[in-house]
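Participant: Quick one: the structure is below, questions incoming.
The values are calculated or read from the model by the stated rules, or taken from the named source; none is laboratory data. Source: prediction; values computed, not measured. Please note: Cβ atoms are built from the backbone with ideal geometry, for glycine as well, and neighbour counts cover all protein chains shown.
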Amino acid sequence: MDLQKNLRKYAKLVIAAGVNLQKDQELLINAPITCAEFTRLVVEEAYKAGAKIVTVQWSDERVSRLKYDYGALSLFEQFPDWQALLQNGIAERGGALLSISAQDPTAFAGVDPRKPAAQVKAAHEACKAFYDGMDQAKIAWCIVAAPSPAWAVKVFPGCPEQEAVEKLWDAIFTAVRVNTPDPIAAWEAHKNSFTAKVSFLDEAQFDALRYENSLGTNLTIGLPKNHRWEGGGSSLINGRYFFPNMPTEEIFSVPDKNRAEGTVYSAMPLNYQGNLIDNFSITFHEGRITDFTAEKGYDVLKQLIETDEGSHRLGEVALIPRKSPLAQMGILFYNTLYDENASCHFAIGRGYAECLEGGLEMSREELNAAGMNDSVTHVDFMVGTDDLKITGIKQDGAEILLFENGNWAF
């Protein structure tokens, strides 16, 4: 593969289609120092597209790890004023956000789970305008990935570091359609491919979905009245289309936060704040988590669930067939952005207002009354298996098979 040519195509893709940057718009990029070369290309493409100014917030996992190891818990319960001013200012001026993910899946293994949980909570409290801007479809945002050596050798153990990085780049380019003649046109076609399934699900207006598989999953989740399904990308309130995640293979909606009964078992490990949670189960009653288990990462899962009241409930339901391109790669990426697009999943925490009819115009109180969950966190976990069965249940009790053997049944 021509790495430099593909890097340039990738950089142009995330600016033109990912955040869909407009002339004279600001762009904030969160990037790790391991991705400096790719980040510079993205900055260049942003300025070529007419960006007013591009600001890069660099991060370094080793420095962050030292902060976790030596910093007191109280340090993480605060959020820097300068960073809140930067992020809230970007949102208030109608800027856009791009995050580049390259995390070593084990970088924060063993840290006190209270610290990352406290940091997430403090960030959301200090940067309300910033997070509201994303939640309420006022600012475009996009998350993409680029290899770091530590991540690459985790995904491809046994390979020399450089070979592992090259293999991971190749997998990323395949997943985001960079290895096509015109990636931007390919993403436009990809967006259109979701239309038929979304239309069917919107028209069906199922009251609930029942999940079953051989792991032991037997969970029924309610769906609120006038819910909507989304897939491929999202639209801002001004109508501008963007892709929050690249890659994306999911069709998603919002569950009724008060209606979930049963137990669900994880299908893949969850990498949360650099800690792996594996072979876990979560049990719900009347929408709330009442019990959970984990063979690995129990304390981390506990801290996630106890972030706030909303983290005891679900905020997203996403449908992805096992025949998706990412699932067909057969690669465990140890990265939620990628692994979630190979498997049906739920999200603990905040729901998306765009998934309720008129939701973007509703107040927080109205969204709550409609059944949408609120939280400072939103964490996806994968539940899709090769034998997953999902049944749609109508208001009158009629049942329609949606998924069989992990794939669409219609």
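Participant: Which pairs do you get when a residue that is more than 27 Å from A150 (Cβ to Cβ) and charged (D, E, K, R), found in the stretch 46-75, comes within reach of a residue that is loosely packed, with under 12 Cβ neighbours inside 10 Å and modelled with pLDDT of 95 or more, reach meaning Cβ atoms under 6 angstrom, with the pair 6+ apart or on two chains?
Facilitator: K52/D24
Participant: Looking at Q303, is it of a type outside the set (V, I, T), farther than 19 Å from K121 by Cα and assigned by TED's automatic domain parsing to the domain that holds F200?
Facilitator: Details: of a type outside the set (V, I, T): yes; farther than 19 Å from K121 by Cα: no; assigned by TED's automatic domain parsing to the domain that holds F200: yes.
No; evaluated as a whole, the condition is false for this residue.
Participant: Could I ask something else about it? In the stretch 208-263, what residues are part of a loop (DSSP other than H, G, I, E, B), more than 15 Å from the chain's Cα centre (by Cα), in contact (Cβ under 8 Å) with a residue 60 or more places away in the chain and over 24 Å from I400 (Cα atoms)?
Facilitator: Result: L236, I237, R240.
Participant: Please work out which one of (1) farther than 19 Å from A353 by Cα; (2) surrounded by fewer than 17 Cβ atoms within 10 Å (Cβ to Cβ); (3) not hydroxyl-bearing (S, T, Y) is the condition R240 fails and give its number.
Facilitator: Every condition holds for R240 apart from (1).
Participant: Just checking, which of G94, G158 is farther than 24 Å from T377 by Cβ, more than 17 Å from the chain's Cα centre (by Cα) and without any contact (Cβ under 8 Å) to a residue 12 or more places away in the chain? Working first, answer last.
Facilitator: Values: G94 fails: without any contact (Cβ under 8 Å) to a residue 12 or more places away in the chain.
Result of the check over G94, G158: G158.
Participant: A further question follows. For the stretch 155-207, please list each of the helices (runs of 4 or more DSSP H) lying entirely inside it that holds at least 2 residues being within 19 Å of L319 (Cα to Cα) and not aliphatic (A, V, I, L, M). Before the answer, list the steps.
Facilitator: Numbers: elements: 161-175, 183-193, 195-204.
Once the helices (runs of 4 or more DSSP H) in the stretch 155-207 are filtered for at least 2 residues that are within 19 Å of L319 (Cα to Cα) and not aliphatic (A, V, I, L, M), what remains is 183-193, 195-204.
Participant: If a residue counts only when it is among the acidic types (D, E) and either touching a Cys at 6+ places or on another chain (Cβ under 8 Å) or surrounded by 14 or more Cβ atoms within 10 Å (Cβ to Cβ) (or both), which strands (runs of 3 or more DSSP E) contained entirely in the stretch 1-102 have at least 1 such residues? Even if it seems obvious, please write down each step before you answer.
Facilitator: Numbers: elements: 26-32, 53-59, 96-101.
Passing ranges, in order: 26-32.
Participant: Then there's this: Which one of these is more than 19 Å from M372 (Cβ to Cβ), over 19 Å from the mean Cα position of the chain (by Cα) and not β-branched (V, I, T): F292, F333?
Facilitator: Criteria check complete, one pass: F292.
Participant: Collect the residues in the stretch 159-218 that are small (G, A, S), within 28 Å of G262 (Cα to Cα) and surrounded by fewer than 17 Cβ atoms within 10 Å (Cβ to Cβ), keeping them in residue-number order. Working first, answer last.
Facilitator: Residues of the stretch 159-218 small (G, A, S): 164, 171, 175, 185-186, 189, 193, 196, 199, 204, 208, 214, 216.
In the following step, the residues that additionally are within 28 Å of G262 (Cα to Cα) were identified as 204, 208, 214, 216.
Once the filter is applied, which keeps residues that are small (G, A, S), within 28 Å of G262 (Cα to Cα) and surrounded by fewer than 17 Cβ atoms within 10 Å (Cβ to Cβ), the stretch 159-218 yields A204, S214, G216.
Participant: Which condition breaks for I237 when tested against (1) at pLDDT below 95; (2) over 24 Å from A31 (Cα atoms); (3) touching a strand residue (DSSP E or B) at 6+ places or on another chain (Cβ under 8 Å); (4) of a type outside the set (G, A, S)?
Facilitator: Unmet condition: (3).
Participant: Are any residues in the stretch 349-358 in contact (Cβ under 8 Å) with a residue 60 or more places away in the chain and either touching a Pro at 6+ places or on another chain (Cβ under 8 Å) or not in a loop (DSSP other than H, G, I, E, B) (or both), and if so, which ones?
Facilitator: Start the filter on the stretch 349-358 by keeping residues that are in contact (Cβ under 8 Å) with a residue 60 or more places away in the chain, which leaves 350-358.
Hits for the stretch 349-358 are G351, A353, E354, C355, L356.
Participant: Sticking with this structure for a sec: Quick one: how many residues across the stretch 379-397 are touching a Ser or Thr at 6+ places or on another chain (Cβ under 7 Å) and assigned to a strand (DSSP E or B)? Before you say what the answer is, go through the steps one by one.
Facilitator: Pass one, the stretch 379-397, residues touching a Ser or Thr at 6+ places or on another chain (Cβ under 7 Å): 380-384, 387.
Applying the additional criterion that residues be assigned to a strand (DSSP E or B) yields 380-382.
Of the residues in that region, 3 qualify.
Participant: So for the stretch 332-352 (the condition being among the small types (G, A, S) and surrounded by fewer than 21 Cβ atoms within 10 Å (Cβ to Cβ)), does at least one residue qualify? Steps first, please.
Facilitator: Taking the stretch 332-352 and keeping what is among the small types (G, A, S), we get 342-343, 347, 349, 351.
Still in the list and also surrounded by fewer than 21 Cβ atoms within 10 Å (Cβ to Cβ): none.
No; the residues of the stretch 332-352 include none that is among the small types (G, A, S) and surrounded by fewer than 21 Cβ atoms within 10 Å (Cβ to Cβ).
Participant: Inside the stretch 120-154, can you point out the residues that are part of a helix (DSSP H, G or I) and among the β-branched types (V, I, T)?
Facilitator: We begin by selecting, within the stretch 120-154, every residue part of a helix (DSSP H, G or I); these are 120-126, 128-135, 149-154.
Of everything in the stretch 120-154, those that are part of a helix (DSSP H, G or I) and among the β-branched types (V, I, T) turn out to be V120, V153.
Participant: Here's a check for you: in the stretch 264-306, which residue that is buried (at least 19 other Cβ atoms within 10 Å of the Cβ) and in a loop (DSSP other than H, G, I, E, B) is modelled with the lowest pLDDT?
Facilitator: By that ranking, first place goes to G274.
Participant: Does I143 fit the bill of being at pLDDT 95 or above, closer than 27 Å to Q78 by Cα and outside the structural domain of L319 (by TED's automatic domain parsing)?
Facilitator: Working: at pLDDT 95 or above: yes; closer than 27 Å to Q78 by Cα: yes; outside the structural domain of L319 (by TED's automatic domain parsing): yes.
Yes.
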